[in-house]
Protein chains: 2
Amino acid sequence: MTDVVAIDGDVQDLLFRAARTANTFTDEPVSDEQVRAVYELVKWAPTAMNIQPLRVVLVRSPRRANVSWNHMSEGNKAKTSTAPLVAVLAGDSGFHEHIPHVYPPRAAARENLAEVPEVRARMATFNGALQVGYFIVGVRAAGLAAGPMGGFDAEAVAKEFFPGGGHQVLAVVNIGKPGPDAWRPRNPRLDYDQVVTTV
Amino acid sequence: MTDVVAIDGDVQDLLFRAARTANTFTDEPVSDEQVRAVYELVKWAPTAMNIQPLRVVLVRSPRRANVSWNHMSEGNKAKTSTAPLVAVLAGDSGFHEHIPHVYPPRAAARENLAEVPEVRARMATFNGALQVGYFIVGVRAAGLAAGPMGGFDAEAVAKEFFPGGGHQVLAVVNIGKPGPDAWRPRNPRLDYDQVVTTV
């Protein structure tokens, strides 16, 4: 199986097979340079009309002293308070302002989309989710462990980190080097035949 | 920048930097073994509660003679009719049936989610979108070009390929080796500082 894939087995392990959601982290900091490298890599992955609605707020340890993380669900509070870096990932419904720059073939979509906030919200959430997927792979490509979480009060987290409004928080991702007992037992994946059909 | 990332520059190129949405394809077929290898790799990437709602229908050339692709938007028809393989990607709102198997810590969620179809639809779309992102990266990891498309009549495509209902079609992806003039000009990406903020 492995040799059908064009990338080496150890890269396959790093990005997918051996990559796991980390639940504890060491104190080793994650540098700005590392996060920038992740972004400069994954920014190239595709979104519809190249809209790129993902926005990221990075929360570093000094500031974390002032963040209660009370809006995270119970099981996510402790690990989020101790990760060296927490990334709050959101979809920005104001993405249309950038369209003339990022998608010149349809520059007029900026005006058309300005009229339909619900359509924009849906596009921001869907394409933002694609980019969350790319971002998680990118964190792993940087040799870091990612702990993506969906258990939080999305409105409260949006209010704290995107006070200007218009953002849907999609995921909160703890990032760092895995600490002791970082992994829970791995849960099973669906079989190929449960997922893929050929017609 | 490049050497902060733990994977080689040529792998970074293959998966992200040099990877492009292909608009034409050669006749070279994509084998079942290749698609299986992609799935067996990307199935490990994370979803909330490990729900894995992505479902894939593969449409191969012989059958394509009987698929009109009239439900694709105008600019997507020709390339979809000539790709050696087309993958129709959907989120399955019936994912909760698998929860006792894929997420034993919360087996009871199967019953709770059975009551709330709107919540399931939202979870299937969001987590399905994450998996669409992983799938695109996986196709590229197999050395194949992917042409993901969002321009189609989602209800009509769902009716044709998921006639049982309960599926939201998220993307249609052409897959193969790039043909002549496969690439359009690359559109710009947002700068790091437009996307990432540190608090």
Residues within segment A:174-199 that are in contact (Cβ under 8 Å) with a residue 24 or more places away in the chain and not in a loop (DSSP other than H, G, I, E, B), tallied | 4
Go through segment A:1-103 and tell me which helices (runs of 4 or more DSSP H), entirely inside it, have 2 or more residues that are over 25 Å from B:Pro148 (Cα atoms).
-> A:9-12, A:32-42, A:61-64, A:74-82
Taking segment A:36-51 and keeping only residues that are within 18 Å of A:Gly138 (Cα to Cα) and either more than 7 Å from every other protein chain (Cβ to nearest Cβ) or among the charged types (D, E, K, R) (or both), one is left with A:Arg36, A:Val38, A:Glu40, A:Lys43, A:Thr47
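Kindly provide the set of residues from segment B:52-71 that are more than 7 Å from chain A (Cβ to nearest Cβ), surrounded by 12 or more Cβ atoms within 10 Å (Cβ to Cβ) and over 30 Å from B:Met123 (Cβ atoms), ordered by number. If you could, list the steps in order and put the result at the bottom.
First, pick out the residues of segment B:52-71 that are more than 7 Å from chain A (Cβ to nearest Cβ): B:53, B:61-62, B:64-71.
Narrowing the set further to residues that are surrounded by 12 or more Cβ atoms within 10 Å (Cβ to Cβ) leaves B:53, B:61, B:64, B:67, B:69, B:71.
Result: B:Ser61, B:Arg64.
Kindly establish whether B:Arg110 is modelled with pLDDT of 95 or more, open to solvent by 50 Å² or more (accessible area, probe 1.4 Å) and facing another protein chain (nearest Cβ under 9 Å).
no
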Return yes when B:Leu85 is within 12 Å of A:Val199 (Cβ to Cβ), within 11 Å of chain A (Cβ to nearest Cβ), open to solvent by less than 10 Å² (accessible area, probe 1.4 Å) and within 16 Å of the chain's Cα centre (by Cα) and no when it is not.
-> yes
Condition met for B:Val5 (at the interface with chain A (Cβ under 7 Å from one of its Cβ atoms), of a type outside the set (Lys, Arg) and within 19 Å of the chain's Cα centre (by Cα)) | no
Hits in segment A:146-159 (condition: open to solvent by 20 Å² or more (accessible area, probe 1.4 Å) and within 17 Å of A:Ala83 (Cβ to Cβ)) = A:Pro148, A:Gly150, A:Gly151, A:Phe152
Being surrounded by 20 or more Cβ atoms within 10 Å (Cβ to Cβ), within 30 Å of B:Val119 (Cβ to Cβ) and more than 7 Å from every other protein chain (Cβ to nearest Cβ), is that true of even one residue in segment B:11-33?
-> no
Unique match (being among the hydrophobic types (A, V, I, L, M, F, W, C) and in a helix (DSSP H, G or I)) among A:Ala158, A:Ala171 = A:Ala158
Could you please let me know if A:Ile7 is open to solvent by less than 20 Å² (accessible area, probe 1.4 Å), aliphatic (A, V, I, L, M) and closer than 30 Å to A:Arg110 by Cβ?
-> no
Mind telling me which of the residues A:Ala22, A:Ala6, A:Ala18 ends up being of a type in the set (A, V, I, L, M) and under 19 Å from A:Ala87 (Cβ atoms)?
-> A:Ala22
Considering (1) of a type in the set (A, V, I, L, M); (2) loosely packed, with under 13 Cβ neighbours inside 10 Å; (3) within 11 Å of chain A (Cβ to nearest Cβ), say which one B:Val132 fails and leave the rest.
-> (2)
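The values are calculated or read from the model by the stated rules, or taken from the named source; none is laboratory data. What you see is a predicted model, and the numbers here were worked out from it, not measured in a lab. No Cβ is skipped: glycine too gets one built from the backbone with ideal geometry, and neighbour counts run over all protein chains shown. Note: areas computed on protein heavy atoms with side chains; ligands, DNA, RNA excluded. Shrake-Rupley method; radii C 1.70, N 1.55, O 1.52, S 1.80 Å.
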